[in-house]
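One structure is given below, encoded as C-alpha coordinates.
The values are calculated or read from the model by the stated rules, or taken from the named source; none is laboratory data. Values in this document were obtained by computation on a predicted structure and should not be read as measured data. Here the Cβ positions follow ideal geometry from the backbone for every residue, glycine too, while neighbour counts run over all protein chains shown. Quick note on the areas: whole protein, heavy atoms, side chains included, nothing else; ligands and nucleic acids left out. Shrake-Rupley method; radii C 1.70, N 1.55, O 1.52, S 1.80 Å.
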There are 2 protein chains.
Amino acid sequence: MKRADFPEPVKALVGELKRLPGIGPRSAERIAVWLLQSPKSNSAALAEALTVAKESVLPCPSCGFFATEAGCDVCDDPARDDLILCVVEQATDVLPLERSGAFRGRYHCLGGKLSPLDRVSPEDLRIPQLVRRIEAATEEIEVILALGADVEGEATANYLAELLRGRNCRLTRIAQGLPAGGGLEHADELTLMRAMQGRRSV
Amino acid sequence: MKRADFPEPVKALVGELKRLPGIGPRSAERIAVWLLQSPKSNSAALAEALTVAKESVLPCPSCGFFATEAGCDVCDDPARDDLILCVVEQATDVLPLERSGAFRGRYHCLGGKLSPLDRVSPEDLRIPQLVRRIEAATEEIEVILALGADVEGEATANYLAELLRGRNCRLTRIAQGLPAGGGLEHADELTLMRAMQGRRSV
(Lines give C-alpha, C1' and ligand atoms only; values in the text may rest on other atoms or scores of the structure.)
Protein backbone atom coordinates (compact mmCIF):
# COMPACT_ATOMS: atom_id res chain seq x y z
CA MET A 1 0.00 0.00 0.00
CA LYS A 2 1.28 3.45 -0.91
CA ARG A 3 0.68 6.13 1.68
CA ALA A 4 -1.70 8.66 0.20
CA ASP A 5 -0.31 12.15 -0.06
CA PHE A 6 -1.13 15.38 -1.85
CA PRO A 7 -1.04 15.00 -5.66
CA GLU A 8 2.14 16.29 -7.34
CA PRO A 9 0.74 19.73 -8.34
CA VAL A 10 -0.22 20.43 -4.71
CA LYS A 11 3.20 19.31 -3.49
CA ALA A 12 4.82 21.60 -6.07
CA LEU A 13 2.70 24.51 -4.83
CA VAL A 14 3.54 23.73 -1.19
CA GLY A 15 7.21 23.57 -2.18
CA GLU A 16 7.09 27.02 -3.78
CA LEU A 17 5.15 28.55 -0.87
CA LYS A 18 7.63 27.07 1.64
CA ARG A 19 10.44 29.12 0.07
CA LEU A 20 8.74 32.42 0.95
CA PRO A 21 10.20 34.18 4.00
CA GLY A 22 8.42 33.33 7.24
CA ILE A 23 6.39 30.48 5.73
CA GLY A 24 7.09 27.07 7.24
CA PRO A 25 5.96 23.67 5.93
CA ARG A 26 2.68 23.72 7.87
CA SER A 27 1.71 27.27 6.84
CA ALA A 28 2.58 26.38 3.25
CA GLU A 29 0.22 23.38 3.36
CA ARG A 30 -2.49 25.46 4.98
CA ILE A 31 -2.20 28.19 2.33
CA ALA A 32 -2.13 25.65 -0.52
CA VAL A 33 -5.27 23.91 0.75
CA TRP A 34 -7.00 27.25 1.29
CA LEU A 35 -6.17 28.29 -2.29
CA LEU A 36 -7.40 24.96 -3.67
CA GLN A 37 -10.65 25.15 -1.78
CA SER A 38 -11.41 28.83 -2.38
CA PRO A 39 -12.91 30.14 -5.63
CA LYS A 40 -10.65 30.05 -8.65
CA SER A 41 -10.61 33.85 -8.81
CA ASN A 42 -8.53 34.01 -5.60
CA SER A 43 -5.59 32.05 -6.92
CA ALA A 44 -5.88 33.60 -10.37
CA ALA A 45 -5.74 37.08 -8.80
CA LEU A 46 -2.66 36.14 -6.78
CA ALA A 47 -0.86 34.63 -9.80
CA GLU A 48 -1.77 37.71 -11.82
CA ALA A 49 -0.65 40.18 -9.12
CA LEU A 50 2.63 38.31 -8.83
CA THR A 51 3.32 38.40 -12.54
CA VAL A 52 2.30 42.04 -12.95
CA ALA A 53 4.33 43.23 -9.97
CA LYS A 54 7.38 41.29 -11.07
CA GLU A 55 7.17 42.59 -14.60
CA SER A 56 6.28 46.22 -13.98
CA VAL A 57 8.21 47.11 -10.82
CA LEU A 58 11.88 48.05 -11.24
CA PRO A 59 14.33 49.94 -9.06
CA CYS A 60 14.30 53.65 -9.95
CA PRO A 61 17.54 54.27 -11.91
CA SER A 62 18.13 57.47 -9.96
CA CYS A 63 17.24 56.74 -6.32
CA GLY A 64 16.85 52.95 -6.26
CA PHE A 65 13.36 52.99 -4.71
CA PHE A 66 10.58 50.86 -6.22
CA ALA A 67 9.40 52.44 -9.45
CA THR A 68 7.31 51.55 -12.47
CA GLU A 69 7.43 52.54 -16.13
CA ALA A 70 5.28 55.51 -15.12
CA GLY A 71 8.08 56.80 -12.90
CA CYS A 72 9.22 57.03 -9.30
CA ASP A 73 7.02 58.42 -6.52
CA VAL A 74 9.99 60.09 -4.85
CA CYS A 75 12.04 61.42 -7.77
CA ASP A 76 9.02 62.71 -9.68
CA ASP A 77 7.56 64.69 -6.78
CA PRO A 78 8.29 68.40 -7.42
CA ALA A 79 7.32 69.28 -3.83
CA ARG A 80 10.37 67.56 -2.33
CA ASP A 81 13.47 69.45 -1.26
CA ASP A 82 16.31 68.81 -3.74
CA LEU A 83 18.92 69.99 -1.27
CA ILE A 84 18.49 67.18 1.25
CA LEU A 85 19.42 63.65 0.27
CA CYS A 86 18.76 60.77 2.66
CA VAL A 87 20.97 57.71 2.11
CA VAL A 88 19.38 54.42 3.21
CA GLU A 89 20.47 50.79 2.90
CA GLN A 90 17.42 49.23 1.30
CA ALA A 91 14.53 50.50 -0.79
CA THR A 92 12.23 49.21 1.97
CA ASP A 93 13.87 51.61 4.45
CA VAL A 94 12.19 54.51 2.63
CA LEU A 95 8.71 53.47 3.80
CA PRO A 96 9.18 53.76 7.58
CA LEU A 97 10.89 57.14 7.08
CA GLU A 98 7.98 58.30 4.89
CA ARG A 99 5.47 57.04 7.42
CA SER A 100 7.25 58.95 10.20
CA GLY A 101 6.65 62.14 8.20
CA ALA A 102 10.01 63.46 9.44
CA PHE A 103 11.65 63.86 6.04
CA ARG A 104 10.69 65.83 2.95
CA GLY A 105 13.77 65.50 0.74
CA ARG A 106 15.06 62.96 -1.75
CA TYR A 107 16.34 59.46 -1.12
CA HIS A 108 19.22 57.35 -2.29
CA CYS A 109 18.99 53.59 -1.68
CA LEU A 110 22.37 51.84 -1.61
CA GLY A 111 20.91 48.36 -2.11
CA GLY A 112 22.75 46.95 0.90
CA LYS A 113 25.55 47.71 3.30
CA LEU A 114 29.27 46.98 3.29
CA SER A 115 29.92 43.56 4.71
CA PRO A 116 33.24 41.86 3.88
CA LEU A 117 32.02 38.62 5.46
CA ASP A 118 29.12 38.44 2.99
CA ARG A 119 31.43 39.65 0.20
CA VAL A 120 29.57 42.93 -0.21
CA SER A 121 32.14 45.54 -1.22
CA PRO A 122 31.63 49.19 -2.33
CA GLU A 123 31.25 48.26 -6.00
CA ASP A 124 28.25 46.05 -5.15
CA LEU A 125 26.35 49.07 -3.79
CA ARG A 126 24.93 52.10 -5.59
CA ILE A 127 27.77 54.29 -4.34
CA PRO A 128 29.07 55.65 -7.70
CA GLN A 129 25.52 56.79 -8.48
CA LEU A 130 25.45 58.60 -5.11
CA VAL A 131 28.71 60.40 -5.86
CA ARG A 132 27.39 61.40 -9.29
CA ARG A 133 24.17 62.75 -7.80
CA ILE A 134 26.10 64.85 -5.30
CA GLU A 135 28.50 66.16 -7.94
CA ALA A 136 25.61 67.04 -10.24
CA ALA A 137 24.06 69.31 -7.61
CA THR A 138 24.37 73.02 -8.32
CA GLU A 139 24.25 74.03 -4.64
CA GLU A 140 25.71 72.40 -1.53
CA ILE A 141 23.33 69.66 -0.41
CA GLU A 142 22.90 67.97 2.95
CA VAL A 143 23.51 64.23 2.81
CA ILE A 144 21.88 62.42 5.73
CA LEU A 145 23.25 58.96 6.40
CA ALA A 146 20.24 57.00 7.66
CA LEU A 147 21.99 53.66 8.00
CA GLY A 148 21.45 50.96 10.59
CA ALA A 149 23.24 51.11 13.93
CA ASP A 150 24.83 47.67 13.49
CA VAL A 151 28.47 46.96 12.62
CA GLU A 152 27.89 46.93 8.84
CA GLY A 153 25.83 50.13 9.01
CA GLU A 154 28.66 51.83 10.93
CA ALA A 155 31.25 50.58 8.44
CA THR A 156 29.18 51.84 5.51
CA ALA A 157 28.69 55.23 7.17
CA ASN A 158 32.41 55.56 7.85
CA TYR A 159 33.29 54.57 4.30
CA LEU A 160 30.83 57.11 2.85
CA ALA A 161 32.02 59.85 5.21
CA GLU A 162 35.60 59.28 4.00
CA LEU A 163 34.54 59.16 0.35
CA LEU A 164 32.32 62.25 0.39
CA ARG A 165 34.60 64.50 2.44
CA GLY A 166 35.56 67.61 0.47
CA ARG A 167 32.74 67.21 -2.03
CA ASN A 168 29.91 69.66 -2.44
CA CYS A 169 27.90 68.34 0.52
CA ARG A 170 27.34 68.59 4.24
CA LEU A 171 27.23 65.13 5.86
CA THR A 172 24.98 64.32 8.80
CA ARG A 173 23.91 61.09 10.40
CA ILE A 174 20.61 60.20 12.10
CA ALA A 175 20.79 60.12 15.90
CA GLN A 176 21.33 57.02 17.96
CA GLY A 177 19.88 56.84 21.46
CA LEU A 178 16.92 55.62 23.47
CA PRO A 179 14.04 54.33 21.31
CA ALA A 180 10.71 56.13 21.85
CA GLY A 181 8.84 54.63 24.78
CA GLY A 182 11.92 52.76 25.96
CA GLY A 183 13.06 53.09 29.56
CA LEU A 184 16.69 53.20 30.68
CA GLU A 185 16.34 49.80 32.32
CA HIS A 186 15.76 48.10 28.95
CA ALA A 187 18.52 49.87 27.04
CA ASP A 188 21.79 48.05 26.48
CA GLU A 189 25.14 49.64 27.33
CA LEU A 190 26.04 50.64 23.78
CA THR A 191 22.69 52.37 23.28
CA LEU A 192 23.14 54.26 26.55
CA MET A 193 26.69 55.22 25.59
CA ARG A 194 25.49 56.56 22.23
CA ALA A 195 22.55 58.34 23.88
CA MET A 196 24.95 59.97 26.33
CA GLN A 197 27.41 60.97 23.58
CA GLY A 198 24.58 62.44 21.51
CA ARG A 199 23.10 64.52 24.35
CA ARG A 200 21.77 67.94 23.41
CA SER A 201 21.23 71.09 25.44
CA VAL A 202 17.59 71.72 26.31
CA MET B 1 4.44 66.58 -0.97
CA LYS B 2 2.96 63.14 -1.46
CA ARG B 3 4.19 60.47 0.91
CA ALA B 4 6.08 57.87 -1.09
CA ASP B 5 4.61 54.39 -0.92
CA PHE B 6 4.92 51.13 -2.83
CA PRO B 7 3.84 51.48 -6.49
CA GLU B 8 0.35 50.17 -7.29
CA PRO B 9 1.43 46.72 -8.58
CA VAL B 10 3.27 46.05 -5.31
CA LYS B 11 0.27 47.21 -3.28
CA ALA B 12 -1.95 44.89 -5.33
CA LEU B 13 0.41 41.98 -4.63
CA VAL B 14 0.51 42.79 -0.90
CA GLY B 15 -3.30 42.95 -0.93
CA GLU B 16 -3.59 39.49 -2.47
CA LEU B 17 -0.97 37.99 -0.14
CA LYS B 18 -2.73 39.49 2.90
CA ARG B 19 -5.83 37.42 2.12
CA LEU B 20 -3.96 34.14 2.58
CA PRO B 21 -4.60 32.40 5.90
CA GLY B 22 -2.07 33.28 8.60
CA ILE B 23 -0.50 36.12 6.59
CA GLY B 24 -0.81 39.55 8.18
CA PRO B 25 -0.01 42.94 6.60
CA ARG B 26 3.64 42.88 7.65
CA SER B 27 4.30 39.32 6.46
CA ALA B 28 2.57 40.17 3.18
CA GLU B 29 4.88 43.17 2.67
CA ARG B 30 7.91 41.10 3.57
CA ILE B 31 6.96 38.35 1.10
CA ALA B 32 6.17 40.86 -1.66
CA VAL B 33 9.54 42.60 -1.25
CA TRP B 34 11.34 39.25 -1.12
CA LEU B 35 9.64 38.19 -4.35
CA LEU B 36 10.48 41.49 -6.05
CA GLN B 37 14.12 41.31 -5.03
CA SER B 38 14.68 37.63 -5.76
CA PRO B 39 15.31 36.27 -9.27
CA LYS B 40 12.37 36.35 -11.63
CA SER B 41 12.31 32.53 -11.73
CA ASN B 42 11.08 32.42 -8.10
CA SER B 43 7.90 34.37 -8.66
CA ALA B 44 7.32 32.79 -12.06
CA ALA B 45 7.59 29.33 -10.46
CA LEU B 46 5.12 30.31 -7.74
CA ALA B 47 2.62 31.77 -10.22
CA GLU B 48 2.98 28.67 -12.39
CA ALA B 49 2.59 26.23 -9.46
CA LEU B 50 -0.52 28.11 -8.37
CA THR B 51 -2.12 27.97 -11.79
CA VAL B 52 -1.23 24.33 -12.41
CA ALA B 53 -2.44 23.17 -8.99
CA LYS B 54 -5.68 25.09 -9.31
CA GLU B 55 -6.35 23.73 -12.78
CA SER B 56 -5.32 20.13 -12.36
CA VAL B 57 -6.39 19.27 -8.81
CA LEU B 58 -10.02 18.27 -8.26
CA PRO B 59 -11.80 16.40 -5.50
CA CYS B 60 -11.96 12.67 -6.32
CA PRO B 61 -15.59 11.99 -7.37
CA SER B 62 -15.63 8.82 -5.27
CA CYS B 63 -13.82 9.62 -2.00
CA GLY B 64 -13.48 13.43 -2.09
CA PHE B 65 -9.70 13.45 -1.51
CA PHE B 66 -7.43 15.58 -3.72
CA ALA B 67 -7.12 13.95 -7.12
CA THR B 68 -5.88 14.81 -10.59
CA GLU B 69 -6.92 13.75 -14.09
CA ALA B 70 -4.55 10.83 -13.63
CA GLY B 71 -6.65 9.53 -10.74
CA CYS B 72 -6.84 9.37 -6.96
CA ASP B 73 -3.97 8.04 -4.82
CA VAL B 74 -6.40 6.36 -2.42
CA CYS B 75 -9.11 4.96 -4.67
CA ASP B 76 -6.69 3.66 -7.30
CA ASP B 77 -4.49 1.74 -4.85
CA PRO B 78 -5.31 -1.98 -5.23
CA ALA B 79 -3.44 -2.79 -2.01
CA ARG B 80 -6.01 -1.09 0.21
CA ASP B 81 -8.67 -2.98 2.10
CA ASP B 82 -12.07 -2.41 0.42
CA LEU B 83 -13.94 -3.56 3.50
CA ILE B 84 -12.90 -0.68 5.78
CA LEU B 85 -14.11 2.81 5.04
CA CYS B 86 -12.91 5.72 7.13
CA VAL B 87 -15.21 8.76 7.14
CA VAL B 88 -13.44 12.08 7.74
CA GLU B 89 -14.61 15.68 7.68
CA GLN B 90 -12.11 17.25 5.31
CA ALA B 91 -9.84 15.97 2.54
CA THR B 92 -6.94 17.33 4.61
CA ASP B 93 -7.85 14.95 7.47
CA VAL B 94 -6.66 12.05 5.30
CA LEU B 95 -3.03 13.14 5.53
CA PRO B 96 -2.50 12.90 9.31
CA LEU B 97 -4.22 9.49 9.30
CA GLU B 98 -1.98 8.31 6.45
CA ARG B 99 1.10 9.64 8.22
CA SER B 100 0.14 7.76 11.39
CA GLY B 101 0.24 4.54 9.36
CA ALA B 102 -2.66 3.19 11.45
CA PHE B 103 -5.12 2.74 8.60
CA ARG B 104 -4.95 0.74 5.37
CA GLY B 105 -8.49 0.99 4.06
CA ARG B 106 -10.43 3.49 1.93
CA TYR B 107 -11.55 6.99 2.82
CA HIS B 108 -14.67 9.07 2.42
CA CYS B 109 -14.34 12.84 2.88
CA LEU B 110 -17.60 14.55 3.81
CA GLY B 111 -16.39 18.03 2.90
CA GLY B 112 -17.40 19.48 6.26
CA LYS B 113 -19.47 18.74 9.33
CA LEU B 114 -23.06 19.42 10.27
CA SER B 115 -23.39 22.87 11.76
CA PRO B 116 -26.82 24.51 11.81
CA LEU B 117 -25.28 27.79 12.97
CA ASP B 118 -23.11 27.96 9.83
CA ARG B 119 -26.07 26.70 7.76
CA VAL B 120 -24.34 23.41 6.93
CA SER B 121 -27.05 20.74 6.66
CA PRO B 122 -26.78 17.08 5.49
CA GLU B 123 -27.39 17.97 1.84
CA ASP B 124 -24.31 20.22 1.85
CA LEU B 125 -22.06 17.25 2.71
CA ARG B 126 -21.11 14.22 0.63
CA ILE B 127 -23.49 12.00 2.62
CA PRO B 128 -25.61 10.58 -0.27
CA GLN B 129 -22.37 9.45 -1.93
CA LEU B 130 -21.39 7.71 1.32
CA VAL B 131 -24.70 5.85 1.46
CA ARG B 132 -24.32 4.80 -2.17
CA ARG B 133 -20.79 3.52 -1.55
CA ILE B 134 -21.97 1.43 1.40
CA GLU B 135 -24.94 0.05 -0.53
CA ALA B 136 -22.74 -0.84 -3.49
CA ALA B 137 -20.53 -3.04 -1.32
CA THR B 138 -20.97 -6.79 -1.84
CA GLU B 139 -19.89 -7.71 1.69
CA GLU B 140 -20.52 -6.05 5.04
CA ILE B 141 -17.98 -3.25 5.47
CA GLU B 142 -16.70 -1.50 8.58
CA VAL B 143 -17.40 2.23 8.56
CA ILE B 144 -15.08 4.10 10.93
CA LEU B 145 -16.28 7.55 11.88
CA ALA B 146 -13.06 9.56 12.28
CA LEU B 147 -14.71 12.90 13.01
CA GLY B 148 -13.57 15.65 15.35
CA ALA B 149 -14.41 15.53 19.04
CA ASP B 150 -16.12 18.92 18.97
CA VAL B 151 -19.88 19.58 19.07
CA GLU B 152 -20.30 19.57 15.29
CA GLY B 153 -18.23 16.40 14.96
CA GLU B 154 -20.44 14.71 17.56
CA ALA B 155 -23.60 15.89 15.82
CA THR B 156 -22.35 14.61 12.47
CA ALA B 157 -21.38 11.26 13.98
CA ASN B 158 -24.80 10.89 15.61
CA TYR B 159 -26.58 11.81 12.38
CA LEU B 160 -24.54 9.29 10.39
CA ALA B 161 -25.05 6.56 13.02
CA GLU B 162 -28.80 7.07 12.76
CA LEU B 163 -28.73 7.14 8.97
CA LEU B 164 -26.54 4.09 8.47
CA ARG B 165 -28.17 1.85 11.06
CA GLY B 166 -29.59 -1.31 9.46
CA ARG B 167 -27.52 -0.93 6.32
CA ASN B 168 -24.84 -3.35 5.21
CA CYS B 169 -22.16 -1.96 7.54
CA ARG B 170 -20.65 -2.13 10.99
CA LEU B 171 -20.18 1.35 12.48
CA THR B 172 -17.24 2.22 14.72
CA ARG B 173 -15.83 5.48 15.95
CA ILE B 174 -12.23 6.43 16.72
CA ALA B 175 -11.43 6.58 20.43
CA GLN B 176 -11.46 9.71 22.53
CA GLY B 177 -9.17 9.97 25.53
CA LEU B 178 -5.81 11.24 26.67
CA PRO B 179 -3.60 12.54 23.85
CA ALA B 180 -0.23 10.78 23.53
CA GLY B 181 2.31 12.34 25.87
CA GLY B 182 -0.39 14.22 27.79
CA GLY B 183 -0.54 13.92 31.56
CA LEU B 184 -3.76 13.78 33.58
CA GLU B 185 -3.06 17.20 35.04
CA HIS B 186 -3.39 18.87 31.63
CA ALA B 187 -6.52 17.03 30.49
CA ASP B 188 -9.86 18.79 30.77
CA GLU B 189 -12.85 17.18 32.48
CA LEU B 190 -14.62 16.11 29.29
CA THR B 191 -11.49 14.41 27.95
CA LEU B 192 -11.05 12.58 31.25
CA MET B 193 -14.69 11.53 31.27
CA ARG B 194 -14.39 10.17 27.73
CA ALA B 195 -11.10 8.46 28.57
CA MET B 196 -12.75 6.82 31.58
CA GLN B 197 -15.82 5.75 29.57
CA GLY B 198 -13.61 4.31 26.85
CA ARG B 199 -11.41 2.30 29.22
CA ARG B 200 -10.30 -1.12 28.04
CA SER B 201 -9.20 -4.22 29.90
CA VAL B 202 -5.47 -4.83 29.84
Most fluctuating residue of A:Leu178, A:Leu125, A:Leu114 in a GNM of chain A with Cα springs under 10 Å: which is it?
A:Leu178
Could you report the accessible area of B:Ser43 in Å², rounded to 10, computed with a 1.4 Å probe on the protein chains as they sit in the structure?
10
Enter the accessible area of A:Arg30 (Å², nearest 10), with the probe set to 1.4 Å and all protein chains included.
140
Counting only residues 5 or more apart in sequence or on a different chain, those whose built amide H sits under 5 Å from that of A:Arg173 are A:Leu145
Once phi for every residue in region A:133-141 is put through the Karplus expression 6.51 cos²θ - 1.76 cosθ + 1.60 (θ = phi - 60°), the whole-Hz ³J(HN,Hα) values, with Gly and Pro written as x, are 4, 5, 5, 7, 6, 7, 10, 5, 10
In the protein assembly as shown, carbon and sulfur make up what percent of the accessible area (probe 1.4 Å)?
54
Residue-ordered couplings for region B:43-48, obtained by feeding phi - 60° into the Karplus form 6.51 cos²θ - 1.76 cosθ + 1.60 and rounding to whole Hz (Gly and Pro as x), are 6, 5, 5, 5, 4, 5
Copies of A:Gln197 compared via label points 7 Å along Cα→Cβ give distances in nm, shortest first, of 7.0
Could you give each residue of region B:191-200 its phi-based ³J(HN,Hα) in whole Hz, using Karplus coefficients 6.51, -1.76, 1.60 with θ = phi - 60°, and x for Gly or Pro?
4, 5, 4, 5, 4, 5, 4, x, 4, 10
Here D for the protein assembly as shown, in µm²/s, from Stokes-Einstein with a Kirkwood Rh over Cα pairs at 37 °C and 0.692 mPa s, works out to 125
Can you list residues from other chains, or at least 5 along the same chain, whose modelled amide H is less than 5 Å from the amide H of A:Tyr107?
A:Cys86
Pick from A:Val120, A:Val52, A:Val33 the residue whose mean-square fluctuation is largest in a GNM of chain A, springs joining Cα atoms under 10 Å.
A:Val33
Considering only the label points, 7 Å along Cα→Cβ from Cα, what distances in nm to one decimal separate B:Arg104 from the same position in each other copy, shortest first?
7.8
Which distances in nm, rounded to one decimal and ordered from shortest, link the label point of A:Leu184 to the equivalent label points in the other identical copies, with labels set 7 Å from Cα toward Cβ?
5.4
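If you take every DSSP beta bridge whose two residues both sit in chain A, what share of them, in percent to the nearest 5, is antiparallel? Can you show the working numbers first?
Details: 4 of 18 bridges.
Around 20 percent antiparallel, to the nearest 5.
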In chain A, which residue puts its Cβ closest to the axis that turns chain A onto chain B, and how many whole Å away is it?
A:Ala47, 2
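Remind me, relative contact order of chain A in percent, using alpha carbon pairs under 8 angstrom and six or more residues apart? Please list the in-between numbers first.
Values: 215 pairs, mean separation 25.7, N = 202.
In percent, rounded to a whole number, it is 13.
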Projected label distance in nm at B:Asp81 and A:Val131, using a 7 Å step from Cα toward the beta-carbon
7.7
Residues whose placed amide H lies under 5 Å from that of B:Ala67, excluding near-sequence neighbours
B:Leu58, B:Cys60
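Could you order A:Lys2, B:Lys11 by accessible surface area, starting with the largest, using a probe radius of 1.4 Å?
Values: A:Lys2 115, B:Lys11 85 Å².
Sorted by accessible area, descending: A:Lys2, B:Lys11.
What GluC sites (Glu not before Pro) in region B:59-119 are in a loop by DSSP, with at most 15 other Cβ atoms within 10 Å of the Cβ?
Numbers: sites: B:Glu69, B:Glu89, B:Glu98; in loops: B:Glu69, B:Glu89.
Loop-located and lightly packed - B:Glu69.
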Taking R0 as 60 Å and r as the Cβ-Cβ distance between A:Glu154 and B:Ser201, the FRET efficiency 1/(1 + (r/R0)^6), rounded to the nearest 0.05, comes to 0.25
Within 10 Å of each Cβ of B:68-75, how many other protein chain Cβ atoms are there on average?
3
C-alpha long axis of helix A:8-18 to longest principal axis of chain A, angle in °:
20
Does region B:8-56 classify as rounded, prolate or oblate by the C-alpha gyration tensor (a ≥ b ≥ c root eigenvalues; a/c under 1.5 gives rounded; else a/b over b/c gives prolate, otherwise oblate)?
oblate
